Ligand SMILES: Nc1ncnc2c1ncn2[C@@H]1O[C@H](COP(=O)(O)OP(=O)(O)OP(=O)(O)O)[C@@H](O)[C@H]1O
Ligand SMILES: [Mg+2]
């Protein structure tokens, strides 16, 4: 019914956004009454989300008009932010940003470049930016999972790891099973989303294409392309960053460098 | 007698906290050096430095005449076997644990080699036992056998009998002495039990706040007790 009242698309969307915001506020308010303590945090997150998404919309407006370099710059900026988010998961480790950045940038960058070069991703900004951002976001998620898992395994199993080291086994060999477990665990969400693709969820990109009028079958195929890309990016990024972390955890003399969360671990 | 470890002014400082302060001692081949001292005096820190699990922040260590920093760490650690105060066993069976060190280097131990090691630590018939249901003392001895499987030249034991009653303790002491003798091992034994130090050791080193307060033949260590109990 709204669409009859507003002629310009932008004003229509504005009113839609306001209505949704009001509705969400009502829900939050109701939740507060039910002692679900979210109001302040939820309100902050909502406003912040709104501001961010409008800001990126405006940036995209500029980028879509400019050359491909604008898109590349924007994607690079996204990689930096994603690396910071992931690095927080392992901030106890020195060089956490570099570890996250290498994984996300190398894994995401490599696949985005290859796919664009082969023509799977259209190099036009309207395709490169959204697909690239999805790739980066997923690389970020998988890296966060893998790094967090690896670090917490090393922290909880530190006496086993040092037992292995003390027997003269080189650090890469000692850490290998933990690395393997962290990688496998980090990829579970990716595998599950591939498995349930189309049945449990119709992903955002496909939904968007259908909304924009593309035929469902061709939207579906393109969605598959993107999900499969995301899958390989996730594997590569998680592998690179976790591997890098596992190297950083030890000195060249095969000594576990990580200081325990609470100091004084060895006295009993 | 040959010197296994020549330790000069060994120091480790972590975040401004002095764990070990200018330790100088030379450990002769075949001797049994007991390291005693109150809790927190740096005994475990000392063993970890000899195995090079931690890095010294000062001083020098020579292993068989060579600066131990020039020796590849995996090789050094195989020769300098360390058994922790609290044993950490790998998931699986007792035999899995004993085979672990050699198998990581591509050497597979035979069943009879495993059995003979278990005999040496007084755990005959334990090979296929799961590690989850071992007693504390049994676990400590599995850890000892696991280190012996590496054929070390010097053994660093951190409170090896702390989980045992007196009778078991004596039994393990006897087994230890036999093993040391058969394999011509050098032993550094950390213990808080001065009586045990006197029974087993040839020399005693007393640590207090990371410093050596006494180093000499065990007979002279008789006078040590009051000062180190404080
Ligand atoms: N990595 C570390 N960082 C900071 N302090 C440490 C570290 N490791 C050990 N310490 C501290 O160094 C001191 C010596 O510890 P160590 O474990 O060597 O004592 P110990 O003589 O073995 O004691 P115990 O008889 O209780 O086993 C203790 O105060 C301990 O808390
Ligand atoms: Mg100790």
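The values are calculated or read from the model by the stated rules, or taken from the named source; none is laboratory data. Just so it is clear, the model here is predicted, and its values are computed rather than measured. Positions of Cβ are backbone-derived with ideal geometry, glycine not excepted, and every protein chain shown enters the neighbour counts.
Under the condition of being crowded, with 24+ Cβ neighbours inside 10 Å and more than 7 Å from every other protein chain (Cβ to nearest Cβ), which residue from segment B:72-82 is nearest to the chain's Cα centre (by Cα)?
Filtering segment B:72-82 for residues crowded, with 24+ Cβ neighbours inside 10 Å gives B:77, B:80-82.
From what's left, more than 7 Å from every other protein chain (Cβ to nearest Cβ): B:80-81.
Details: B:80: 9, B:81: 7 Å.
The residue in question is B:81.
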Single residue of B:95, B:127 found to be assigned to a helix (DSSP H, G or I), in contact with a helix residue (DSSP H, G or I) (Cβ under 8 Å, 6 or more places away or on another chain) and either within 14 Å of another protein chain (Cβ to nearest Cβ) or at pLDDT 90 or above (or both): B:95
Of all residues in segment B:20-40 being crowded, with 24+ Cβ neighbours inside 10 Å and within 11 Å of residue B:209 (Cα to Cα), the one that is farthest from ligand 2 (Cβ to nearest atom): B:20
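Taking segment B:44-57, which residues are away from ligand 2 (no atom under 16 Å from the Cβ), surrounded by 15 or more Cβ atoms within 10 Å (Cβ to Cβ) and under 14 Å from residue B:23 (Cα atoms)?
Step one: list which residues in segment B:44-57 are away from ligand 2 (no atom under 16 Å from the Cβ), which gives B:52, B:55-57.
If we keep only those that are surrounded by 15 or more Cβ atoms within 10 Å (Cβ to Cβ) as well, we get B:52, B:56.
The one that is away from ligand 2 (no atom under 16 Å from the Cβ), surrounded by 15 or more Cβ atoms within 10 Å (Cβ to Cβ) and under 14 Å from residue B:23 (Cα atoms): B:56.
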Residue that is modelled with the highest pLDDT, among those in segment A:244-268 that are farther than 18 Å from residue A:164 by Cα and within 11 Å of chain B (Cβ to nearest Cβ): A:263
Residue, surrounded by the most Cβ atoms within 10 Å (Cβ to Cβ), within segment B:149-163, restricted to residues that are modelled with pLDDT of 95 or more and out of contact with any helix residue (DSSP H, G or I) (no Cβ under 6 Å at 6 or more places or on another chain): B:157
Failed item, numbered, when residue B:87 is tested on (1) within 11 Å of chain A (Cβ to nearest Cβ); (2) surrounded by fewer than 22 Cβ atoms within 10 Å (Cβ to Cβ); (3) not in a helix (DSSP H, G or I): (2)
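Output yes when any residue across segment A:175-182 is without any contact (Cβ under 8 Å) to a residue 12 or more places away in the chain, more than 14 Å from every other protein chain (Cβ to nearest Cβ) and away from ligand 1 (no atom under 16 Å from the Cβ), and no when none is. Outline the logic, then answer.
First pass over segment A:175-182, keeping only residues without any contact (Cβ under 8 Å) to a residue 12 or more places away in the chain: A:176-177, A:180.
Adding the requirement that they be more than 14 Å from every other protein chain (Cβ to nearest Cβ) leaves A:180.
Pick out the ones that are also away from ligand 1 (no atom under 16 Å from the Cβ) and you get A:180.
Yes, segment A:175-182 contains at least one residue that is without any contact (Cβ under 8 Å) to a residue 12 or more places away in the chain, more than 14 Å from every other protein chain (Cβ to nearest Cβ) and away from ligand 1 (no atom under 16 Å from the Cβ).
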Segment A:105-122, residues that are in a helix (DSSP H, G or I) and surrounded by fewer than 16 Cβ atoms within 10 Å (Cβ to Cβ): A:110, A:113, A:114, A:117, A:118
Residue list for segment B:185-200, filter: more than 15 Å from ligand 2 (Cβ to nearest atom) and not in a helix (DSSP H, G or I): B:185, B:186, B:187
